[in-house]
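The values are calculated or read from the model by the stated rules, or taken from the named source; none is laboratory data. What you see is a predicted model; the values in this text were computed from it and never measured. Every residue, glycine among them, receives a Cβ derived from its backbone with ideal geometry; neighbour counts consider all protein chains shown.
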């Protein structure tokens, strides 16, 4: 069974905006009106639990790994690797209607493609924070 995943750099996940306040979610995620799992099931043609489990397991494994790749690529100033990792996170988060995660990943992708890397570290921290409810819901589902 999968345990709750954590991101590389979790200790620095709480990001503050320029006003010194915690950054709010950018959009209402699935958790505000329906579960992330219900959203994914709907996007995948009302799939059964076996398929949903595979998708949940893949996201739990891949998302933290991809965030690690973002950090590594940022340190190496590798715009292509940054864009690739952010694009993958964006696409995967959209399956679960995790809009705040997807929007932050899209912003990271766009900034990396335009070679504007100065704010990517803080956006990555914000994205990690926004992904926690999704990761928790997926972990609980897999523990059943």
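Applying the selection to segment 91-120, what residues are under 15 Å from residue 64 (Cα atoms) and either surrounded by fewer than 22 Cβ atoms within 10 Å (Cβ to Cβ) or in contact with a strand residue (DSSP E or B) (Cβ under 9 Å, 6 or more places away or on another chain) (or both)? If the condition is that a residue be under 15 Å from residue 64 (Cα atoms) and either surrounded by fewer than 22 Cβ atoms within 10 Å (Cβ to Cβ) or in contact with a strand residue (DSSP E or B) (Cβ under 9 Å, 6 or more places away or on another chain) (or both), then 91, 92 are the ones that fit. When residue 54 is tested against (1) at pLDDT 95 or above; (2) surrounded by 13 or more Cβ atoms within 10 Å (Cβ to Cβ), exactly one condition is not met: (2). Looking for whichever is free of Cβ contacts under 8 Å to residues at least 60 places away in the same chain and under 11 Å from the mean Cα position of the chain (by Cα) here; the options are 114, 92, 119, 100. Which one fits? One residue alone meets the criteria, 92. All of (1) at pLDDT below 95; (2) buried (at least 19 other Cβ atoms within 10 Å of the Cβ); (3) more than 25 Å from residue 144 (Cα to Cα) hold for residue 29 with one exception: (3).
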